[in-house]
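Written out below as structure tokens is the structure these notes cover.
Quick note: the coordinates plus some simple rules give every number you see, no bench work behind them. Here the structure is a predicted model, which is why all the values come from computation and not from measurement. Because the Cβ atoms are built from the backbone with ideal geometry, glycine has one as well, and the counts that use them run over all protein chains shown.
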């Protein structure tokens, strides 16, 4: 119990301010890339299917 | 910890820009018009596929890059990125770009993109480059495929027209790259890469640059001779070809580093102008002014 408690209290890897800034920039870049990919796939789907996108079995 | 810029550097943006440009030309000169959204998506996939090749190349060549001044600052040799991160990044982008191109555009274009990535990352980087002075002659095919992929994205096929564009870049690559390697001989020697000037000497390299330039001049004019490009292209190709030979001859006769740099710079201009003229001709509808030989052959 006490060993587990002390492990929980250990700080682990502490990132510097610069590392945190880079990680944040990377996270934003990944989010933007995924967002753009979703929009592009949506746009290409509409272009390829056109009005046919609404024709589907109920 | 690597920043966004380090990952972008893995994609070799300058190489990517030439790939996108030549693929765009292949797409635009194709007889089948492509919807702008689909065209943009296809170009994006081709660009990311090219970037993936660059990342895989940098992953594999990190040790060699560290020995050369020109490449020592790249993210892996500089210690900003782990090799495994570059490998995972490259593989993810390669699989993603090929899969999306296949699903959204067509399977042939995706297959050509996959082959190009494989050819650059495996055949050229891992096999040819460290083993033969003909590395960039054969490996040049990787850089020559993009207009063919663009054409395939638009038409779903491979025509003689797109093969001629492939041929122009294929024959252009040796004099272009050897001019660069002439003023980087020591670096290539130190890195143990058997580039032509290291193995056969600078004089032989200059001779081969001249021979390939003499071959490039007529090959550059083939799209016009076959009737797929207009008069403006024909005249540009002839003038550009003559200038390429003139620069190569000057280098052959007076081996100065400055002359090699001039030839290298001119070779980039030559290819850029040639493909730009194709784009302009297509835009103003002047591409039908070519010679009719191609229609006879086709």
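For the range B:107-157, what are the per-bin percents of Cα-Cα distances with bins 5 Å wide, up to the bin holding the maximum?
5, 23, 26, 19, 13, 9, 4, 1
With labels modelled as points extended 7 Å from the Cα through the Cβ direction, what inter-label distance (nm, one decimal) is found for residue B:258 paired with residue B:99?
5.4 nm
What's the FRET efficiency of residue B:69 with residue A:13 using the Cβ-Cβ distance as r and R₀ = 41 Å, to the nearest 0.05?
Working: r = 34 Å, r/R0 = 0.83.
That gives a FRET efficiency of 0.75.
Please express the shape of the range B:1-158 as an equivalent ellipsoid: the semi-axes are the square roots of 5 times the eigenvalues of the C-alpha gyration tensor, given largest first in whole angstrom. It would help to have the intermediate numbers written out before the result.
On the way: eigenvalues 157, 59, 31 Å².
In descending order, the three semi-axes are 28, 17, 12 Å.
For the protein assembly as shown, state what percent of all Cα-Cα pairs lands in each successive 10 Å bin, counting from 0 Å until the bin that includes the largest distance.
5, 21, 28, 24, 13, 5, 2, 1, 0
Compute the label zone of residue A:47 within the range B:95-129: residues whose backbone N is under 20 Å from the point 7 Å along Cα-to-Cβ.
Within reach of a label on residue A:47: B:96-114.
At 0.36 nm per residue, and after removing the present C-alpha to C-alpha distance, how many nm does the segment from residue B:239 to residue B:214 gain when stretched out fully? Show your work: numbers first, answer last.
Details: separation 25, 0.36 × 25 = 9.00 nm, distance 1.27 nm.
Stretched out fully, the residue B:239 to residue B:214 stretch lengthens by 7.7 nm.
Based solely on C-alpha atoms, express the radius of gyration and the Dmax of chain B in angstrom.
Final numbers for Rg and Dmax: 19.3, 60 Å.
Could you work out the equivalent-ellipsoid semi-axes for the range B:160-298, taking the square root of 5 times each eigenvalue of the Cα gyration tensor, largest first, in whole Å? Could you put the intermediate results ahead of the total?
Details: eigenvalues 205, 37, 30 Å².
Equivalent-ellipsoid dimensions as semi-axes: 32, 14, 12 Å.
Could you tell me the distance between the Cα centroids of the range B:124-140 and the range B:89-111, to the nearest Å?
When both Cα centres are located, 25 Å separates them.
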